[in-house]
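Below you'll find the structure, written out as structure tokens, and then a few comments.
The values are calculated or read from the model by the stated rules, or taken from the named source; none is laboratory data. Since the structure is predicted, the reported quantities are computational estimates derived from the model, not experimental observations. Glycine gets a Cβ as well: all are built from the backbone with ideal geometry, and neighbour counts include every protein chain shown. Areas reflect the complete protein model, heavy atoms only, side chains present, ligands, DNA and RNA absent. Shrake-Rupley method; radii C 1.70, N 1.55, O 1.52, S 1.80 Å.
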Amino acid sequence: MTTSDSSTAARIPTGKRRMGDVVFANTARGSGVLILAILAGVAAFLIGQSFDSLSANTANFFTTSEWAANVREEPAFGVAALAFGTVLAAAIALLIATPVAIGIALFIVYYAPRRIAAVLGYVVDLLAAIPSVVYGLWGIGWLVGQLGPFYQLLERYLGVVPLFAGPVSTTGRTMLTVGLVLAVMILPIITAMTRDVFQQVPQAHREAALALGATRWEMIRMAVLPFGRPGIIGGAMLGLGRALGETMAVAMILSPSLVISWALLQSGNQTIAAHIALQYPEATGYGVSALIAAGLVLFAITLVVNMVARFVVARRKEFS
């Protein structure tokens, strides 16, 4: 060590440096513990507040589709149809949004001129700032009217598939419409993460593929997509979490019905979040506690989705 380095080190008080390290470490540790405490507190609240209705419920909570909780004697309710509708709507949105988000991210990073890429990236990010009620108004006020002829075509040519079986809803307020709106809502989340991951692909990997004679698409397929797969999965799972918990847009668009139906072109099905929002103002008796129990199921579904996503991403990184 040189004389200048020794003098610089001598001017830094060792006690203060250690005190700063201790304060920073404790602050970081406290932040982590606080997150766990909040999560545990939310879970404890949901379990405690839903206990009364679950203990009085005369039906199987996980397999029953009816909802008769606003009574004080012998309530009967379950989340089978609600959980099915929640997962179905989120899955539709994820299947639609993920390929589109990957395409947008690839275009912004590897194909678009710099100015166009900057503007397009800003526009995509702007979609995340639009309130969900605006998406709901757009869906119920314009989109449902435009999708009618398209749904008729799907029923005519693909009606043998149970997903597109008729009769087609005349209102257009179907699960497929909800899935399309949710896909637009989660699109900026998946696109942002995918774009950031694609920008981090090592330049040496891309240049090596091009040096071997690969075209731009072959370079993307061999170097970019394998490197960015964990980020794509992580972004998709974040978008899925947003779609699972969406309330206002679904409540405004979907024509609710507590049934389990795979028919995407017919009115029916309902999600947990939208059901809670619609039923809470009129909840009486065990109704409020039952809605909190439904919220507990949604909490568990979201938690499981995030845990699976982290496991998948960790495994992909280890494999890579």
Query raised in the report: For segment 167-174, does any single residue satisfy the condition of being buried (at least 19 other Cβ atoms within 10 Å of the Cβ), part of a helix (DSSP H, G or I) and on the phi < 0 side of the Ramachandran plot?
Result: no
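Residues that are surrounded by fewer than 15 Cβ atoms within 10 Å (Cβ to Cβ) and at pLDDT below 90, at least 2 per element: which helices (runs of 4 or more DSSP H) completely within segment 70-160 meet that?
On the way: elements: 80-106, 114-127, 132-138, 148-158.
Hits in segment 70-160: 114-127, 148-158.
Please find, within segment 40-61, the residue that is farthest from VAL259 (Cα to Cα) out of those that are outside any helix (DSSP H, G or I) and in contact (Cβ under 8 Å) with a residue 40 or more places away in the chain.
Initially, segment 40-61 is screened for residues outside any helix (DSSP H, G or I), giving 57-61.
Next, from what is left, pick out any that are in contact (Cβ under 8 Å) with a residue 40 or more places away in the chain: 57, 61.
Working: ASN57: 19, PHE61: 15 Å.
Result: ASN57.
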Report summary line: Taking segment 79-93 and keeping residues in contact with a helix residue (DSSP H, G or I) (Cβ under 9 Å, 6 or more places away or on another chain) and not aliphatic (A, V, I, L, M) leaves GLY85, THR86
Query raised in the report: Would you say THR194 is among the polar types (S, T, N, Q) and either surrounded by fewer than 21 Cβ atoms within 10 Å (Cβ to Cβ) or in contact with a Phe, Trp or Tyr (Cβ under 9 Å, 6 or more places away or on another chain) (or both)?
Result: no
Requested in this report: Look at GLY239 and say whether it is open to solvent by less than 10 Å² (accessible area, probe 1.4 Å) and in contact (Cβ under 8 Å) with a residue 40 or more places away in the chain.
Outcome: yes
Query raised in the report: If we scan segment 26-47, do we find a residue that is modelled with pLDDT of 90 or more and in contact with a helix residue (DSSP H, G or I) (Cβ under 6 Å, 6 or more places away or on another chain)?
Result: yes
**Report entry** Filter pass, ALA223 being within 30 Å of PRO162 (Cα to Cα) and crowded, with 20+ Cβ neighbours inside 10 Å
**Finding:** no
Report summary line: Counting only helices (runs of 4 or more DSSP H) wholly inside segment 177-294, the ones holding at least 3 residues that are of a type in the set (Gly, Ala, Ser), farther than 30 Å from ARG72 by Cβ and within 23 Å of the chain's Cα centre (by Cα) are 225-245
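Residues of segment 262-276 being farther than 16 Å from VAL181 by Cβ and without any contact (Cβ under 8 Å) to a residue 40 or more places away in the chain, which ones?
ILE276, the sole residue that qualifies.
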Query - Conditions (1) open to solvent by 20 Å² or more (accessible area, probe 1.4 Å); (2) in contact with an Asp or Glu (Cβ under 8 Å, 6 or more places away or on another chain); (3) of a type in the set (A, V, I, L, M); (4) farther than 24 Å from ILE130 by Cα; number of the one not met by ALA211 - result: (2)
Query raised in the report: Can you tell me which residues in segment 269-286 are surrounded by fewer than 21 Cβ atoms within 10 Å (Cβ to Cβ) and either modelled with pLDDT under 85 or farther than 20 Å from LEU88 by Cβ (or both)?
Result: TYR280, PRO281, GLU282, ALA283, THR284, GLY285
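Rundown of residues vs (1) small (Gly, Ala, Ser); (2) more than 17 Å from the chain's Cα centre (by Cα), yes/no style:
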{"residue": "ALA69", "(1), (2)": "yes, yes"}
{"residue": "ARG72", "(1), (2)": "no, yes"}
{"residue": "PHE77", "(1), (2)": "no, yes"}
{"residue": "GLY85", "(1), (2)": "yes, no"}
{"residue": "PRO113", "(1), (2)": "no, yes"}
{"residue": "GLY121", "(1), (2)": "yes, yes"}
{"residue": "SER132", "(1), (2)": "yes, no"}
{"residue": "TRP138", "(1), (2)": "no, yes"}
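In segment 138-169, which residues are small (Gly, Ala, Ser) and in contact (Cβ under 8 Å) with a residue 60 or more places away in the chain?
Here is the first cut: in segment 138-169, the ones small (Gly, Ala, Ser) are 139, 141, 145, 148, 159, 165-166, 169.
Within segment 138-169, GLY139, ALA165, GLY166, SER169 meet the criteria.
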